[in-house]
Amino acid sequence: MTTSDARLRIPAELDRLADLRRLVRDTTRAAGASQDCVDDMCQAVDEAATNAIVHGYAGGSGWVEVAVAI
């Protein structure tokens, strides 16, 4: 498995979550992770970001930043 680092900052909007999932998917695949690992990481990041947007910002503006380091 190779190592990889990536970072993305998006507005705290649910319709931007696909950008975070793409970052995690592309970075974990590039590092040679198994498909199960890629799927699990995408789901975990999506759920965490969704919770931050829905419950943390509660409709207000803000940012979500994700860093992937493998």
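The values are calculated or read from the model by the stated rules, or taken from the named source; none is laboratory data. The shown structure was predicted, so the numbers you read here are calculated from the model rather than taken from an experiment. Ideal geometry is used to build each Cβ from the backbone, glycine not excepted, and the neighbour counts take in all protein chains shown. For the accessible areas, the whole protein counts, side chains as well, though only heavy atoms, and no ligand, DNA or RNA atoms are used. Shrake-Rupley method; radii C 1.70, N 1.55, O 1.52, S 1.80 Å.
The residue among Cys37, Leu8, Ala52 whose Cα reaches farthest toward the positive pole of the charge dipole of region 1-52, with charges on the beta-carbon of Lys, Arg, Asp and Glu, is Leu8. Taking label points 7 Å from Cα along the Cα-to-Cβ direction, Ala67 and Asp46 give a separation of 2.5 nm. Between helix 35-51 and the chain there is an angle of about 10 degrees, using the helix long axis and the longest principal axis of the Cα atoms. Placing +1 on the Cβ of every Lys and Arg and -1 on the Cβ of every Asp and Glu, with no other charges, gives the chain a dipole of roughly 200 debye about its Cα centre. The amide H of Val64, built 1.01 Å from its N in the peptide plane, has Ile10, Ala12 as neighbours under 5 Å, considering only residues 5 or more places off or on other chains. The Cα-based radius of gyration of region 1-45, divided by its Kirkwood radius, gives an Rg/Rh of 0.99. Helix 17-30 and the longest principal axis of the Cα set of the chain meet at an angle near 10°. Taking every alpha-carbon pair under 8 Å whose residues sit at least 6 apart, the chain reaches a relative contact order of 53 percent. Among Thr27, Thr3, Thr50, the order of accessible area from largest down is Thr3, Thr50, Thr27, computed with a 1.4 Å probe on protein heavy atoms.
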